[in-house]
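Chemist: First the structure, then my questions, so here it is.
Taken together, the values in this text are just the output of simple stated rules run on the coordinates, not laboratory data. This structure is a prediction, so every number in the text was calculated from the model and none was measured. Positions of Cβ are generated from backbone atoms using ideal geometry, with glycine treated the same way; all protein chains shown enter the neighbour counts.
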Amino acid sequence: MRPETRTVHVPHVPVEGSRPIAVPIYQTSGFVFDDPALMAESMGRPDKSFFYGRYSNPTVRSLEEAVSGLEGGAGAIATGSGMGAINTVLLGLLKPGDHMVAQNSLYGGTAAMLNELVARFGMEVSYVPENDPAALRAAVRPQTKLLYMETISNPMTLVADLPAMCATARELGILSVVDNTFASPLLCRPIEHGADIVVHSSTKYLSGHTDVVGGIAVFADEELYQRVWRFNIELGASPDPFAAWLTLRGMQTLALRMERHCANARILATRLEEHPAVAAVHWPGLASHPSYELAGKLLSGCGGVFSFDLTGGREAGERFMSSVRLALLAPSLGGVETLVLHPATTSHRSLNAEELRRSGIGEGTVRIAVGIEHPEDLWADLQRALA
């Protein structure tokens, strides 16, 4: 070959007799075949040879298998964001005229998307408490296709009664979808409690270092997994291999990080509950929380995110957030740093007054995503801001 050709066709070095410790980054848009029939076959199934980056990728597949294994699923689809995973599932399973049931308290982005489904596609959504099978039963219609819940709700940390709600959904012939982002597979595995699909924003605890955006959906049933996979390759919500690799790297310390997140949250939530400037603390590890008993039965830890209401309302909330120094005023959660935000004006700003009331979010509600710093340093920062 002439030099011009050699610069294009670089050699691929096979790894024989050993293997890499870390999962390699397959930063390629497509894959070369020797067999035309195998190439054609690979376009139709997620478990065949790799074909094109939008269909699958070895690095991405490693992430999908890792999370599916943690959740106890039959297969998983990684996406470019948490909302990508949610939309892949909802748009892949619903059609105009369908009806779904969702719990009252939801992440603002999810709530906004449900409103879009209603406005754009003529779908209908009914809202019920996260722990009321009778309300679910009353809400279901012939057009109802699925139930959508969050293991621990954002930001009021209500715990869904997954065993009761998923069993009722199955009895009624509808699918159950659970957002497990706040819990992670270390604190709860919804498929073990009857869920059909579990979604995560892998941006959060799975990656854990606030340096990647991603999502993933895990399926309890192989047929359902393949059905949504076929839709997803047309939707094009695929992740980048490097983002998948970063998530895999972060997941290796998930157990260690979750232990510290939960321990720090317990210390801060307990102390804040006793502070005169705080009207209420919303963390399921506190006996005052409505989900306290259920959390003790369902979760192996209560998570690192909670919210609290300041007695001074919105003005106090804004003053508090502008006064923290160690905690950072920033979106997201699940990273090693402690982050705070005001849900009514940020994560849930798309909700109207009625929707905020239904979610339990007040003008003085502050959400804190507790990091892994030393708890006494965090408490000193919160005390200073509260003062």
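Chemist: Kirkwood Rh over Cα pairs of region 36-251 into Stokes-Einstein at 10 °C, 1.306 mPa s: D in µm²/s? Intermediate results must be reported in sequence, preceding the final value.
Modeler: On the way: Rh = 17.3 Å.
Using the Kirkwood radius from Cα pairs, D works out to 92 µm²/s.
Chemist: How large is the convex hull of the C-alpha atoms of region 106-224 per residue, in Å³?
Modeler: On the way: hull volume 14.3 nm³, N = 119.
Hull volume normalised by residue count: 120 Å³.
Chemist: I would also like to ask the following. Quick one: Cα centre-to-centre distance for region 78-111 and region 341-369, in angstrom?
Modeler: Each part's Cα centre sits 20 Å from the other's.
Chemist: Would you please calculate the Kirkwood hydrodynamic radius of the chain over all C-alpha pairs and express it in Å, rounded to one decimal? Numbers along the way, then the final one.
Modeler: Working: mean 1/r = 0.0455 Å⁻¹.
When all Cα pairs of the chain are included, the Kirkwood radius is 22.0 Å.
Chemist: Give me the Kirkwood hydrodynamic radius of region 82-168, using the inverse of the mean 1/r over all pairs of distinct Cα atoms, in Å to one decimal. Mind showing how you got there, number by number?
Modeler: Details: mean 1/r = 0.0761 Å⁻¹.
Radius from the Kirkwood sum: 13.1 Å.
Chemist: For region 254-386, what are Rg and Dmax over the alpha carbons, in angstrom?
Modeler: Radius of gyration, then largest Cα-Cα span, for region 254-386: 14.1, 39 Å.
Chemist: Continuing with this model, one more query. Could you give the nm distance between label points at A263 and R357, where each point is 7 Å from its Cα heading toward the beta carbon?
Modeler: In this crude spin-label approximation the distance works out to 4.3 nm.
Chemist: Based on the alpha carbons, how large is the Rg to Rh ratio for region 252-303 when Rh follows Kirkwood? Write down the numbers at each step before the final one.
Modeler: Numbers: Rg = 12.0 Å, Rh = 11.8 Å.
Across region 252-303, the Cα-based Rg/Rh ratio is 1.02.
Chemist: Net charge near T338: determine it from the other residues with C-beta under 15 Å of the C-beta of T338, scoring Lys and Arg +1 and Asp and Glu -1.
Modeler: Values: positive: K204, R257, R260, R266, R271, R325, R367, R384; negative: E337, E373, E376, D377, D381.
Counting the neighbours of T338, the net charge comes to +3.
Chemist: Return the calculated 222 nm mean residue ellipticity for the chain, to the nearest 500 deg cm²/dmol, obtained by summing -39500 (n - 2.57) across DSSP H runs with n ≥ 4 and dividing by the residue count.
Modeler: Working: 15 runs with 152 residues, N = 387.
Theoretical 222 nm ellipticity from helices: -11500 deg cm²/dmol.
Chemist: Here is a follow-up. Could you check the simple spin-label distance between E65 and E234, using points 7 Å along Cα→Cβ, in nm with one decimal?
Modeler: Here the modelled spin labels are 2.9 nm apart.
Chemist: Per residue and in cubic angstrom, what volume does the convex hull of the Cα atoms of region 206-251 have? If you can, show how the numbers build up before the last one.
Modeler: Numbers: hull volume 3.5 nm³, N = 46.
In region 206-251, the Cα convex hull volume per residue is 77 Å³.
Chemist: Still on this model: Can you run the Rg to Rh ratio on region 1-115? Use alpha carbon positions and the Kirkwood inverse-distance Rh.
Modeler: Numbers: Rg = 19.7 Å, Rh = 18.0 Å.
Here Rg/Rh amounts to 1.09.
Chemist: To the nearest 10 degrees, how steep is helix 254-273 against the longest Cα principal axis of the chain, on a 0 to 90 scale?
Modeler: 10 degrees
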